[in-house]
Ligand SMILES: [Mg+2]
């Protein structure tokens, strides 16, 4: 059933941004913090000195390699320590901005003092420890139960409970993509006032409506210790485009992980999460 009033963000950033790709990438060639090398004009290397920067990092597909299921991700030894040291070096101006819940981020990284925005910008924990979370509604609780039940009957489709967001992953059953989309559209109907559909890499999600990753970045930049620094946003997926746009607007840097050639507002690209981790290890050493 098609649902009126639910905005589906397409997993195809070619819509609306393709005409802007040439400009930002060419601009990056003149940026003092970047130099292009290697895999053609889309790749970049980030400078080795992070002073004056504010870092905004997505997690899955950016810091961590994407796994077959959300629970199967591996946090490489040393990464949490790198992030902790780097946050200290940046006087706290490092935030994780992710589709995961803050609770899951803390379970993965065990960095309770680190600034985080979860659920694609909806949840918030500032560098001073203040938090903002989303209260669910009765209708959303029904949607959660419904999705859990329905996905149990769909082999290969994985239900993910993120608290104020719920998701269905079809990475293990890509042939069920259309079925998952239809199901999520049905589920979204009764909660369309407060939640909206979000597509990602082989996942469809029902997430809180209203704030995106770009809003999260701008909010952080308005606060100590981020204020006055130059934002660097690194991400890999469609929801990171809002974060790239915000960083670009604030005269910052935007980096998309992945050399698949998909159009992006990011001003430069890195090949893989291991490139991001290598850079973080170097600048935090
Ligand atoms: Mg990601």
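The values are calculated or read from the model by the stated rules, or taken from the named source; none is laboratory data. As the structure is a computational prediction, the values presented were derived from the model and not from experiment. Cβ coordinates were reconstructed from backbone atoms using ideal geometry, including for glycine residues, and neighbour counts include every protein chain displayed.
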Checklist outcome for this item: Picked from the stretch 259-276 (must be within 15 Å of residue 76 (Cα to Cα) and more than 14 Å from the ligand (Cβ to nearest atom)), the residue surrounded by the most Cβ atoms within 10 Å (Cβ to Cβ) is 275
Next on the checklist: Any residue that is farther than 27 Å from residue 68 by Cα and touching a strand residue (DSSP E or B) at 6+ places or on another chain (Cβ under 6 Å) - is there at least one of those in the stretch 134-142?
Outcome noted: yes
Next on the checklist: Give all pairs with beta carbons closer than 9 Å in which a residue from the stretch 162-182 that is assigned by TED's automatic domain parsing to the domain that holds residue 105 and within 27 Å of residue 105 (Cβ to Cβ) meets a residue that is modelled with pLDDT under 95 and part of a helix (DSSP H, G or I); count only pairs at least 6 apart in sequence or on separate chains.
Outcome noted: none
Checklist entry - For the stretch 183-195, which residues satisfy the criterion of being farther than 18 Å from residue 100 by Cβ and either part of a strand (DSSP E or B) or without any contact (Cβ under 8 Å) to a residue 40 or more places away in the chain (or both)? => result 183, 184, 193
Next on the checklist: Being more than 16 Å from the ligand (Cβ to nearest atom) and in the same structural domain as residue 126 (by TED's automatic domain parsing) is the requirement here; does residue 230 meet it?
Outcome noted: yes
Checklist entry - Any residue at all in the stretch 213-220 that is part of a loop (DSSP other than H, G, I, E, B) and away from the ligand (no atom under 14 Å from the Cβ)? => result no
Checklist entry - Which one of these does residue 181 not meet: (1) away from the ligand (no atom under 14 Å from the Cβ); (2) modelled with pLDDT under 90? => result (2)
Next on the checklist: So, residue 256, is that one within 16 Å of the ligand (Cβ to nearest atom) and either closer than 24 Å to residue 215 by Cβ or more than 12 Å from the chain's Cα centre (by Cα) (or both) or not?
Outcome noted: yes
Checklist outcome for this item: Across the stretch 58-91, the tally of residues that are touching a residue at least 40 places away in the same chain (Cβ under 8 Å), within 27 Å of residue 208 (Cβ to Cβ), more than 14 Å from the ligand (Cβ to nearest atom) and buried (at least 19 other Cβ atoms within 10 Å of the Cβ) stands at 1
Checklist entry - Is there any pair with a first residue in the stretch 235-247 that is part of a helix (DSSP H, G or I) and a second that is within 13 Å of the ligand (Cβ to nearest atom) and modelled with pLDDT under 95 whose Cβ atoms are under 6 Å apart and which are 6 or more apart or on different chains, and what are they? => result 244/266
Item to check | Qualifying residue in the stretch 138-156 (condition: in contact (Cβ under 8 Å) with a residue 24 or more places away in the chain and under 30 Å from residue 226 (Cα atoms)) | outcome: no
Next on the checklist: Residues that are over 22 Å from residue 284 (Cβ atoms): list the strands (runs of 3 or more DSSP E) wholly contained in the stretch 85-168 that include at least 1 such residues.
Outcome noted: 158-161
Next on the checklist: With away from the ligand (no atom under 14 Å from the Cβ) and not assigned by TED's automatic domain parsing to the domain that holds residue 125 as the only criterion, which of 196, 223 stands out?
Outcome noted: 196
